[in-house]
Amino acid sequence: MTGYDQEISHEHKKFEHIIWEGKTISGREFYDCHFYKCSLKECVFEECVFDKCTFEECDLSLIQFKQTSFNKVILQHSKAIGIAWHNARNALTVEFHHSRLSYCNFSGKNLKKGIFLHCQADEADFSGCNLSQVDFGGTDLAGARFFETDLTQANFAGAQRYAIDVRTNKVKKAKFSLPDALSLLDGLGVEIVE
């Protein structure tokens with residue numbers, strides 16, 4: 001963290017092309033900061049706060065959290081692969097736009113009104129989450145896990161390759177689009193013929 005080692009609190013700063021791969025970042029607070037083309041792969045964030053921050057074209061893959069919070073954070077055009085988001089402190093409010101979220105674990109989190117637009121979220125785990133009113137528009141959810149998940153009023157219009165068992169998840173007033181919505185019938189033993 002050269003140049004930033006002495007500072008605990010960062011406000012309204014732009015971090016460009018920062019490489020903190022594999023570092024442990026402790027006790028730092030980031031308010032209204034913009035991270036652009038930064039590589040934070042395998043970082044460990046201990047007792048940090050990210051509030052109203054944006055990560056644009058960044059690589060956050062395999063980062064770890066210990067008592068770290070994300071409030072009103074936006075990830076756009078970024079890689080965030082293999083992150084255990086369920087370890088982040090509550091409340092977790094993150095928007096994901098055009099980002100890769102493969103193998104992420106959100107299990108048990110309250111992500112009500114969350115945004116996952118045009119993302120690659122294959123093999124993500126949303127078990128036990130509150131995803132009511134979440135927008136998954138245009139997101140690829142191949143292999144994503146939904147079990148005992150609240151999907152009330154969630155938007156899956158344009159989402160692809162999801163497998164949601166309507167018997168083990170709440171889907172009241174959720175929106176789905178064809179042809180992917182036909183996958184909702186898989187768990188019911190229904191056969192569709194042309």
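Between N110 and A181, the FRET efficiency estimated from the beta carbon spacing at R0 = 35 angstrom works out to 0.85.
FRET efficiency for the pair E148 and Q67, taken as 1/(1 + (r/R0)^6) with r the Cβ-Cβ distance and R0 = 22 Å, rounds to 0.25.
Listed by chain and number, the lysines whose alpha-carbon sits under 24 Å from that of K79, ignoring those within fewer than 8 places in the same chain, are K13, K14, K23, K37, K41, K52, K66, K109, K112, K113. R89 sits with roughly 90 Å² accessible to a 1.4 Å probe, with DNA, RNA and ligands left out of the calculation.
Plainly put, the chain has a radius of gyration that is 1.03 times its Kirkwood radius, both from alpha-carbon atoms, as the Rg/Rh ratio. For the peptides 123-134, 13-24, the ranking by packing is 123-134, 13-24, with the highest mean count of neighbouring Cβ atoms within 10 Å listed first. The length gained on full extension between A91 and H17, counted as 0.36 nm times the residue separation minus their Cα-Cα distance, comes to 23.8 nm.
The values are calculated or read from the model by the stated rules, or taken from the named source; none is laboratory data. Because the structure is predicted, anything quoted here is derived from the model rather than measured. Ideal geometry is used to build each Cβ from the backbone, glycine not excepted, and the neighbour counts take in all protein chains shown. The protein model used for the area step is the full one, side chains on, heavy atoms only, and it has no ligands, DNA or RNA in it. Shrake-Rupley method; radii C 1.70, N 1.55, O 1.52, S 1.80 Å.
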